[in-house]
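J.: Pasting a structure below so you can have a look.
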Amino acid sequence: MSGGIRDELMWIDGKQVPARGGGWIDVENPSTKSVIARVPRGDADDVADAVRAARDAETAWARTGAEERRHALDDIADLLADRSEAIARQIAVENGNAIRTQSRPEAVRTADLFRFAASVCQEIKGISDYVSAKTLDYTRREPYGVVGAIVPWNSPVSLAAQKIAPAIATGNTIVLKASEVAPLGVLMLAAACNEVLPAGVVNVITGFGDECGAALVAHPSVPKISFTGSTSVGRSILVAASQRIASVSLELGGKSAQIVFPDIDVDAVVPGIVSAMRFTRQGQSCTAGSRLFVHADVAPSLLPALRTALGKLKIGDPLDEGTDVGSIVSRRQFDRVCSYVSEAAATYPESVYMGGTIPATGPLAAGYFLEPTVFVDLPSDARLNREEVFGPVLSASTWRDEDDVLARANGSIYGLAGYVWCRDGAAALRVAHSLEAGWVMVNQGGGQALGHSYGGMKQSGLGRELSLEGILEGFTQTKQISVSLG
Ligand code: NAD
């Protein structure tokens with residue numbers, strides 16, 4: 001403890017440790033703007049310790065039987081399920097996501113991710129290939145060894161589980177760097193893993209990206225980097241990893257389109273649009289459908305219905321069960337989102353459809369709260385239409401021609417998700433197939449299901465990790481064995 005603020009420690013080699021350099025990073029509750037804890041400011045020395053521990057544990061873990069691994073992952077899932085309410089409250093307090101709508105579902109999903117990965121342990125299969133009657137030829141799916149993983153703050157615990165569970169299910173050990181903005185729930189996840197697993201299999205470190213994350217990416221004993229975060233940092237990681245030809249998976253940013261056809265039932269679709277824009281997560285989702293293209297015939301009824309629905313969302317204390325929308329994660333992110341809103345509102349005042357006012361007084365000024373904000377008919381090249389805002393800000397416009405709306409929807413450097421709202425099945429699938437995105441939803445706006453293939457096209461990412469195939473692709477490498485039978 002330091003002045004009433006609790007200190008949390010990293011997990012390296014089965015032990016809780018501070019940073020070698022003695023530095024700390026403050027963790028803030030964004031709904032009150034108060035510091036609640038400190039975590040170690042890890043750097044290259046701590047990365048070296050964690051990688052050494054992961055290497056020492058690597059051979060024994062890779063040799064465990066599939067059933068033993070499955071039981072271990074199931075045991076971790078049991079611990080996470082028992083602690084899920086505590087984890088949910090921790091997420092709500094450190095990243096501002098409302099407990100009922102976001103943090104609790106995230107904690108539940110974290111345990112589910114371990115159960116899903118447990119089921120993969122016994123699906124690690126190669127093939128037997130025929131070359132000649134005189135040889136035996138087959139492939140093995142082998143772990144990389146040490147996986148280096150880096151995660152962001154927006155679903156901190158489930159995104160960490162999305163790296164840890166598949167990595168260890170496939171026989172790797174892992175060093176994961178939590179986001180400096182929301183590391184506390186991830187450290188609870190690390191504790192559960194370390195209660196079950198041998199020392200060094202799961203190491204979780206904390207620190208800033210340039211000091212700690214970059215050292216992990218550069219470490220010569222980390223053959224696989226699995227990164228989730230922004231496209232700009234992902235680009236720098238790809239460059240750094242290329243220096244030593246490390247394998248890289250990237251799950252990056254998005255600017256996803258929602259396309260609404262005129263044949264929809266407005267009342268049925270509006271809640272789906274709100275969900276797809278992730279308004280109850282303050283829009284802080286890589287898959288947020290932040291560009292809404294509404295057919296001109298339905299826009300006059302849909303946009304007012306959307307405004308009414310958004311007006312009913314309760315914004316406030318993330319721990320209040322009645323709250324729908326919590327706070328933005330940090331001052332930095334809040335300032336960033338507000339700068340997009342202020343710039344668009346000042347440049348195109350006629351486009352402000354709702355929200356857009358940054359609360360300076362009243363209860364919403366106590367934290368980093370921002371009302372759902374909608375702009376209409378911003379020019380396509382407006383910054384807010386091109387760049388990922390990662391906040392509760394939707395840009396709506398109208399369309400009449402299918403080819404034209406597809407060109408506008410695909411006119412982005414990103415290609416993560418897409419949403420089609422349409423009753424005509426043929427048109428819906430035609431558009432779904434034409435959208436340049438790794439994941440397209442038709443007439444639904446929820447999150448990814450376990451087992452889904454998930455990942456980005458274009459500058460939204462590289463590789464797939466979530467499905468059985470993705471886990472095998474992302475966390476194993478193939479070896480051919482060729483045996484003479486002569
Ligand atoms: P960010 O890229 O700033 O940081 C992500 C992580 O990378 C953090 O742990 C950070 O410390 C680390 N980092 C920063 N600089 C680094 C460097 N030079 N070397 C190594 N590591 C470094 O992203 P953020 O603000 O934490 O998260 C928001 C972004 O994440 C958004 O762009 C969002 O779209 C993206 N995201 C993508 C997915 C997906 O599945 N595609 C999921 C969630 C979030």
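J.: Within region 124-146, is there a residue that is outside any helix (DSSP H, G or I) and buried (at least 24 other Cβ atoms within 10 Å of the Cβ)?
T.: Yes, region 124-146 contains a residue that is outside any helix (DSSP H, G or I) and buried (at least 24 other Cβ atoms within 10 Å of the Cβ).
J.: Across region 147-193, what is the total count of residues that are closer than 13 Å to residue 224 by Cα and in a strand (DSSP E or B)?
T.: The qualifying residues number 8.
J.: Assuming residue 469 fulfils every condition listed in (1) in contact (Cβ under 8 Å) with a residue 24 or more places away in the chain; (2) more than 28 Å from residue 292 (Cβ to Cβ); (3) outside the structural domain of residue 430 (by TED's automatic domain parsing) apart from one, which condition is it?
T.: Here residue 469 meets the rest and fails (1).
J.: Check off (1) within 30 Å of residue 442 (Cβ to Cβ); (2) free of Cβ contacts under 8 Å to residues at least 12 places away in the same chain for residue 242 and give me the number that stays unchecked.
T.: So residue 242 meets the others, but not (1).
J.: In this structure, does residue 474 turn out to be within 15 Å of the ligand (Cβ to nearest atom) and part of a helix (DSSP H, G or I)? Show your work before the answer.
T.: Working: within 15 Å of the ligand (Cβ to nearest atom): yes; part of a helix (DSSP H, G or I): yes.
The answer is yes for residue 474.
For every residue, the table says whether it meets (1) at pLDDT 95 or above; (2) of a type in the set (Lys, Arg); (3) in contact with a helix residue (DSSP H, G or I) (Cβ under 7 Å, 6 or more places away or on another chain); (4) within 16 Å of the ligand (Cβ to nearest atom).
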residue: 290; (1), (2), (3), (4): yes, no, no, yes
residue: 301; (1), (2), (3), (4): yes, no, yes, no
residue: 310; (1), (2), (3), (4): yes, no, yes, no
residue: 314; (1), (2), (3), (4): yes, yes, no, no
residue: 324; (1), (2), (3), (4): yes, no, yes, no
residue: 330; (1), (2), (3), (4): yes, no, no, yes
residue: 339; (1), (2), (3), (4): yes, no, no, yes
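J.: Still on this structure, please answer the following. All but one of (1) more than 14 Å from the ligand (Cβ to nearest atom); (2) surrounded by 24 or more Cβ atoms within 10 Å (Cβ to Cβ); (3) in the same structural domain as residue 147 (by TED's automatic domain parsing); (4) of a type outside the set (A, V, I, L, M) hold for residue 247, so report the exception by its number.
T.: (2)
J.: Run down 313, 319, 364 and say which single residue is over 26 Å from the mean Cα position of the chain (by Cα), outside any strand (DSSP E or B) and over 28 Å from residue 232 (Cα atoms). Break it down stepwise before answering.
T.: On the way: 313 fails: over 26 Å from the mean Cα position of the chain (by Cα); 319 fails: over 26 Å from the mean Cα position of the chain (by Cα).
Matching residue, one of 313, 319, 364: 364.
J.: Could you please find all residues in region 193-239 being away from the ligand (no atom under 12 Å from the Cβ), surrounded by fewer than 24 Cβ atoms within 10 Å (Cβ to Cβ) and among the aliphatic types (A, V, I, L, M)?
T.: Result: 196, 197, 199.
J.: Given the condition surrounded by 18 or more Cβ atoms within 10 Å (Cβ to Cβ) and over 22 Å from the mean Cα position of the chain (by Cα), answer yes or no: does some residue in region 441-452 qualify?
T.: Checked against the condition, which is being surrounded by 18 or more Cβ atoms within 10 Å (Cβ to Cβ) and over 22 Å from the mean Cα position of the chain (by Cα), region 441-452 yields no hits at all.
J.: Only one of these conditions is not met by residue 287: (1) outside any loop (DSSP other than H, G, I, E, B); (2) in the same structural domain as residue 355 (by TED's automatic domain parsing). Which number is it?
T.: Condition (1) is where residue 287 drops out.
J.: Let me ask another. Taking the criterion of being in contact with a Pro (Cβ under 9 Å, 6 or more places away or on another chain) and of a type outside the set (Val, Ile, Thr), would at least one residue in region 125-141 satisfy it?
T.: Looking for residues that are in contact with a Pro (Cβ under 9 Å, 6 or more places away or on another chain) and of a type outside the set (Val, Ile, Thr), one finds none in region 125-141, hence no.
J.: Could you please give the count of residues in region 21-51 that are of a type in the set (D, E, K, R) and either under 23 Å from residue 165 (Cβ atoms) or in contact with a strand residue (DSSP E or B) (Cβ under 9 Å, 6 or more places away or on another chain) (or both)?
T.: Going through region 21-51 one residue at a time, the tally reaches 6.
J.: Run down 339, 330 and say which single residue is within 15 Å of residue 31 (Cα to Cα) and either buried (at least 17 other Cβ atoms within 10 Å of the Cβ) or not hydrophobic (A, V, I, L, M, F, W, C) (or both).
T.: Testing whether each residue is within 15 Å of residue 31 (Cα to Cα) and either buried (at least 17 other Cβ atoms within 10 Å of the Cβ) or not hydrophobic (A, V, I, L, M, F, W, C) (or both) leaves just 330.
J.: Residues that are in the same structural domain as residue 144 (by TED's automatic domain parsing) and farther than 30 Å from residue 320 by Cβ: which strands (runs of 3 or more DSSP E) entirely in region 1-70 hold 3 or more of them?
T.: Filter on region 1-70 gives 10-12, 15-17.
J.: Could you say which residue among 360, 346 is loosely packed, with under 13 Cβ neighbours inside 10 Å, modelled with pLDDT under 95 and more than 26 Å from residue 100 (Cβ to Cβ)?
T.: Among 360, 346, only 360 is loosely packed, with under 13 Cβ neighbours inside 10 Å, modelled with pLDDT under 95 and more than 26 Å from residue 100 (Cβ to Cβ).
J.: Checking residue 342 against (1) under 13 Å from residue 92 (Cα atoms); (2) without any contact (Cβ under 8 Å) to a residue 60 or more places away in the chain, which single condition isn't satisfied?
T.: Condition (1) is where residue 342 drops out.
J.: Looking at the structure I just gave you, is residue 351 of a type outside the set (Val, Ile, Thr) and more than 28 Å from the chain's Cα centre (by Cα)?
T.: In short, yes.
J.: Is it the case that residue 460 is buried (at least 17 other Cβ atoms within 10 Å of the Cβ), within 17 Å of the chain's Cα centre (by Cα) and hydroxyl-bearing (Ser, Thr, Tyr)?
T.: Answer is yes for this residue.
Residue by residue, here is whether (1) among the acidic types (Asp, Glu); (2) within 22 Å of the chain's Cα centre (by Cα); (3) farther than 22 Å from residue 57 by Cβ holds:
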site	(1), (2), (3)
181	no, yes, yes
186	no, yes, no
229	no, yes, yes
243	no, no, yes
250	no, yes, yes
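The values are calculated or read from the model by the stated rules, or taken from the named source; none is laboratory data. Everything quoted here is computed from the prediction, not taken from an experiment. With ideal geometry, Cβ positions are generated from the backbone for all residues, glycine too; neighbour counts draw on all protein chains shown.
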